[in-house]
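Engineer: One structure, as structure tokens, below. Some questions next.
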Amino acid sequence: ATVKTEGKVTEEAEEAATPEETESAVTPGSQTVFIDLLLPFTQKQKADRTMTQDFYAGSLLAARSLGKGGVNIDLSVFDVTDGNIPVTKSKFDESTFVIGPIAGAGILKAAKASGGKAWIISPLDPNCKAIADTVSNVIQAPSSTESQIKDMVEWVKADTYPGDKVILISQKGSGNANTKLAISEMKASGIKYSTIEFSATEGKSVLNALAAAVTDGGTNRVVLAYDLTSAAFASEVVRSLYTMVNRGKDIVLYATSKIRTFDEVETEYLHTANLHSSVSYYVDYDAPDVQEFLLEYRALYKTEPSRMAFQGYDLMRYFSILGDRYGKRWSTAVEGEKKYKGLQSDIMLEKADRGGYYNTAVRRIVYSPNFTISIAE
């Protein structure tokens, strides 16, 4: 693997460019994979620089592992901290794919600078799906909340058996797009369900409504439609479900990943409510491939990989394998590919009607009452 650094790169990033190459099980093709990596290495805030360097370290480990396995990778690295795109049109024309910049404004600049011919991969910002929906050479790598919601409803439908009760709890007066989408997907699903609607300020009214709605004869599958900024609403629902379980009711809660990040929501309550969550990212640290990655990363960089390092590794490996297999025409074959299972996230690209591609793959995780978290296949 050849690595060329162009523009300003921090000292830490330069040091990260010299790890030992590692073995890869990938069967190499005959293509040279030309990759441009556009990242803001010299940001003012140390936390932002660390995030970028971690992403770069994970990307580099994937590229060098594939290179050790015989995949011919030509990687050029550019610093785009100032917002400019220091890549010539001819360089873009050569690219098999481009990863970065991070933010939406940079993605649009890169897509325009490439003349619409190079594939620009949005690596981190979940809100860039709107760009991939309309710009023909942009790929949205992180799966969106929309994909989580659609998968959540499919999961509920697949899990529901005769005798179960499905209850949709929504936030009263919420004009939030995610709340509306969850309600719409439930209506279109064909699932028979009852509804409870309340606001966070109504407090204990949700507990009384739940007590009247649940069944004793089967599992109560509770679907949460909520504004992703409304921690108080989510907390009140989860607290009420915790109480219902303690009253002997069989409860399973279905919600998108945001509920796991609210400080107001007790993790114990999520386990008790048997949370089933469709998420964009989750690392199973007991998986053999993750264990192998951890050992290599620690040995090479003398530190623990962050979520950004896992993301860099997954994206670099997935698109490099496609480029090695199909060359610059890899995008014409991508929809025929099976879902790629990465270390942290899965990838299944879907063509937008008027734009490029976006990732629809999510992982299903289960919070069990025994306080374990597992991936549901």
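We did not get these values from a lab; they are worked out from the coordinates using the rules stated. Just so we're clear, the structure is a prediction, and the values are computed from it rather than from any experiment. Please note: Cβ atoms are built from the backbone with ideal geometry, for glycine as well, and neighbour counts cover all protein chains shown.
Engineer: If you take the beta carbon distance between residue 48 and residue 294 as r and set R0 to 25 Å, what does 1/(1 + (r/R0)^6) give as a FRET efficiency, to the nearest 0.05?
Structural biologist: On the way: r = 24 Å, r/R0 = 0.98.
Plugging the Cβ-Cβ distance into 1/(1 + (r/R0)^6) gives 0.55.
Engineer: Which trypsin sites (Lys or Arg not before Pro) does segment 104-169 hold that lie in a coil by DSSP with at most 16 other beta carbons within 10 Å?
Structural biologist: Taking segment 104-169 and a limit of 16 other Cβ atoms within 10 Å, the loop trypsin sites (Lys or Arg not before Pro) found are 117.
Engineer: In whole Hz, with x marking every Gly and Pro, tabulate ³J(HN,Hα) for segment 67-79 from phi via Karplus 6.51 cos²θ - 1.76 cosθ + 1.60, θ = phi - 60°.
Structural biologist: x, 4, x, x, 7, 8, 10, 10, 10, 10, 10, 10, 8
Engineer: Under 5 Å between amide H atoms, partner at least 5 residues away or on a different chain: which partners does residue 31 have, H built in plane at 1.01 Å?
Structural biologist: So residue 31 has HN proximity to no qualifying residue.
Engineer: Tell me, in nm to one decimal, what length is gained between residue 193 and residue 261 on full extension, where the rule is 0.36 nm per residue of separation less the Cα-Cα distance?
Structural biologist: Contour length minus Cα-Cα distance gives 21.7 nm.
Engineer: Can you compute 3J(HN,Hα) from phi for each residue in segment 344-355, using the Karplus curve 6.51 cos²θ - 1.76 cosθ + 1.60 with θ = phi - 60°, rounded to whole Hz and x for Gly and Pro?
Structural biologist: Here the 3J(HN,Hα) series is 10, 9, 9, 9, 9, 7, 10, 6, 6, 4, 10, x Hz.
Engineer: Ok, one more. According to the Cα gyration tensor, what semi-axes, each the square root of 5 times an eigenvalue, does the equivalent ellipsoid of segment 208-250 have, listed from largest to smallest in whole Å? Walk me through the numbers on the way to the answer.
Structural biologist: Numbers: eigenvalues 88, 23, 13 Å².
Each semi-axis is the square root of five times an eigenvalue, giving 21, 11, 8 Å.
Engineer: Once the principal axes of the Cα atoms of segment 287-358 are found, what is the range along each, listed largest first in whole angstroms?
Structural biologist: Projected onto its principal axes, the Cα set of segment 287-358 covers 43, 22, 19 Å.
Engineer: Roughly how many nanometres apart are two label points built 7 Å out from the Cα toward the Cβ at residue 370 and residue 286?
Structural biologist: In this crude label model, residue 370 to residue 286 measures out at 0.9 nm.
Engineer: Output wanted: per-residue J couplings in Hz (rounded whole) for segment 287-300, from phi through Karplus 6.51 cos²θ - 1.76 cosθ + 1.60, θ = phi - 60°, x for Gly and Pro.
Structural biologist: 5, x, 5, 5, 4, 5, 4, 4, 5, 5, 5, 4, 5, 7
Engineer: While we're on this one: Sequence-distant or interchain residues sharing an amide H contact under 5 Å with residue 97, placed H: which?
Structural biologist: For residue 97, whose amide H was placed from the backbone, the distant partners under 5 Å are 34, 36.
Engineer: Once you have all Cα-Cα distances for segment 166-228, histogram them in 5 Å bins from zero and send the whole-percent values.
Structural biologist: 4, 17, 28, 24, 18, 8, 1
Engineer: How much net charge surrounds residue 269 when only the other residues with a Cβ under 15 Å from the Cβ of residue 269 are counted, with Lys and Arg +1 and Asp and Glu -1?
Structural biologist: Numbers: positive: 239, 247, 249, 260; negative: 236, 263, 264, 266, 268.
So the surrounding residues net to -1.
Engineer: Sort out for me the Cα centre separation of segment 110-172 from segment 305-350, rounded to whole Å.
Structural biologist: That distance is 16 Å.
Engineer: Order the peptides 363-375, 134-146 from the highest to the lowest mean number of other Cβ atoms within 10 Å of their residues.
Structural biologist: Those peptides, ordered most packed to least, come out 134-146, 363-375.
Engineer: Sum up the charges of everything whose Cβ sits under 15 Å from the Cβ of residue 187, counting Lys and Arg as +1 and Asp and Glu as -1, but leave residue 187 out.
Structural biologist: Net charge in that neighbourhood comes out at +1.
Engineer: Cβ neighbours within 10 Å, averaged per peptide: list 301-313, 277-289 in order, most packed at the top. Each step should come with its number before you reach the end.
Structural biologist: Details: 301-313: 19.7, 277-289: 16.2.
Ranked from most to least packed, the peptides come out as 301-313, 277-289.
Engineer: Follow-up. Counting helices only, and only those DSSP H runs with n ≥ 4, report the 222 nm mean residue ellipticity of the chain as the sum of -39,500 (n - 2.57) divided by its residues, in deg cm²/dmol to the nearest 500.
Structural biologist: -11500 deg cm²/dmol
Engineer: Which listed residue (169, 99, 241) has the Cα farthest towards the positive end of the charge dipole for the chain, taking +1 on Lys and Arg C-beta and -1 on Asp and Glu C-beta about the Cα centre?
Structural biologist: 169
Engineer: Oh, and also: Sorting check: for 337-347, 80-90, which peptide has the highest mean count of neighbouring beta carbons within 10 Å, and how do the rest follow? Don't skip to the answer; put the middle values down first.
Structural biologist: Working: 337-347: 18.2, 80-90: 14.8.
My ranking of the peptides, most packed first, is 337-347, 80-90.
Engineer: Still on this structure, I have one more. Counting only other residues whose beta carbon sits under 13 Å from that of residue 93, what net charge do I get with K and R as +1, D and E as -1?
Structural biologist: That works out to +2.
Engineer: Bin all alpha-carbon pair distances of segment 28-94 at 10 Å intervals from 0 and give each bin's fraction as a whole percent.
Structural biologist: 19, 42, 31, 8, 0
Engineer: So, one more: Give me D for segment 233-368 in µm² s⁻¹, whole number, from Stokes-Einstein with Rh from the Kirkwood sum over alpha-carbon pairs, 4 °C and 1.567 mPa s.
Structural biologist: Working: Rh = 17.6 Å.
After rounding, the answer is 74 µm²/s.
Engineer: Take the chain, compute every pairwise Cα distance, and split them into 10 Å bins from 0; I just need the percent in each bin.
Structural biologist: Final binned percentages: 5, 23, 29, 21, 15, 7, 1.
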